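The values are calculated or read from the model by the stated rules, or taken from the named source; none is laboratory data. Everything quoted here is computed from the prediction, not taken from an experiment. Here Cβ is always computed from backbone atoms with ideal geometry, including for glycine, and neighbour counts include all displayed protein chains.
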Amino acid sequence: MNREIHQWHSPRLNKNMEIAVYGHHGFALLMFPTAAADYLEYERFHVVEALAPFIDSGKVKVFSINSINNESWLNNSMHPRHKAIRHQQFNGYVAEEVVPFIHTHCRGRVPVITTGASFGALHSANTLFRRPDLIDGCIAMSGSYDLKDYTDGYWDEDVYFNSPLDYLPHLTDEAQLTLLRAKQHIYFVSGQGSYEKPSSSVDIGRVLASKGIPHEVDLWGHDVSHDWPWWRKMLPHYLGAKF
């Protein structure tokens, strides 16, 4: 498997940001880490290994980025307003730096599918819904799609516009809705076991249905917990069955 590590100083985040690239060809799978983890998390927990057949065959090229969750919603020493600002800066980094890097690395524009587990699922879904002009779908695993679950009671406009269960019900922009209704790969998957929140996937599915946006909500069994062994099964399942 071809493996590369790239990095650059992000002007939007004012820090060095790394990205791991796996593979040589295929559509782009953009991975968001869980919680306060880093760009090698999916490698350490053997998710990349589980995707090896798809990567080696040229079906998919994987791009795994760093998070800054420990500089925003997971940093209890920051003022909530500063957390929201940092979150918005991260959105800019993904849209204006990471996606262009993917297109350059792939030598042209390729479909970009976002994915992530837990907090990474929120980022993957939010990136798609905010920028359907750049993102072509998502595989969101074991996520909560209400940002208020992470804000400790804080609320402002930036929280609203990064919380899909808040802003999507009120989305009326026809250009954005047209782009979202054209997507063929929007998947929300969750277990129903320990530490999972399947109701959030069900809720986002209802909102998308009300907007006429194609999607699938897939609830796995009550034995399926919020943990890596299941995410190592979920993601290869969707790459194999849906792409």
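Determine, yes or no, whether residue 127 is modelled with pLDDT of 95 or more, assigned to a strand (DSSP E or B), buried (at least 16 other Cβ atoms within 10 Å of the Cβ) and not hydrophobic (A, V, I, L, M, F, W, C). Give the derivation first.
Values: modelled with pLDDT of 95 or more: yes; assigned to a strand (DSSP E or B): no; buried (at least 16 other Cβ atoms within 10 Å of the Cβ): yes; not hydrophobic (A, V, I, L, M, F, W, C): yes.
No.
Inclusion of residue 190 among residues that are under 19 Å from residue 50 (Cα atoms) and not aromatic (Phe, Trp, Tyr) is warranted.
One line per residue, one yes/no per condition, for (1) surrounded by 15 or more Cβ atoms within 10 Å (Cβ to Cβ); (2) of a type in the set (D, E, K, R); (3) in contact (Cβ under 8 Å) with a residue 40 or more places away in the chain:
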| site | (1), (2), (3) |
| --- | --- |
| 19 | yes, no, yes |
| 24 | no, no, no |
| 29 | yes, no, yes |
| 36 | yes, no, no |
| 43 | yes, yes, no |
| 54 | yes, no, yes |
| 60 | yes, no, yes |
| 69 | yes, no, yes |
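So, residue 119, is that one surrounded by 21 or more Cβ atoms within 10 Å (Cβ to Cβ), within 19 Å of residue 167 (Cβ to Cβ), of a type in the set (Phe, Trp, Tyr) and free of Cβ contacts under 8 Å to residues at least 60 places away in the same chain or not? Judged against the criteria, residue 119 is not a match.
Select from segment 133-149 the residues that are in a loop (DSSP other than H, G, I, E, B) and under 20 Å from residue 189 (Cα atoms) and list them in ascending order. Break it down into steps so the answer makes sense when it comes.
We begin by selecting, within segment 133-149, every residue in a loop (DSSP other than H, G, I, E, B); these are 133-136, 142-146.
Listed by number, the residues that qualify are 135, 136, 142, 143, 144, 145, 146.
Residue by residue, here is whether (1) in contact with a helix residue (DSSP H, G or I) (Cβ under 9 Å, 6 or more places away or on another chain); (2) on the phi > 0 side of the Ramachandran plot holds:
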| residue | (1), (2) |
| --- | --- |
| 8 | yes, no |
| 16 | no, no |
| 23 | yes, yes |
| 54 | yes, no |
| 63 | yes, no |
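Answer with yes or no whether residue 133 is at pLDDT 95 or above and surrounded by 15 or more Cβ atoms within 10 Å (Cβ to Cβ). Answer is no for this residue.
So if I check each of 64, 77, which one is of a type in the set (Ser, Thr, Tyr) and at pLDDT below 95?
Numbers: 64 fails: at pLDDT below 95.
Criteria check complete, one pass: 77.
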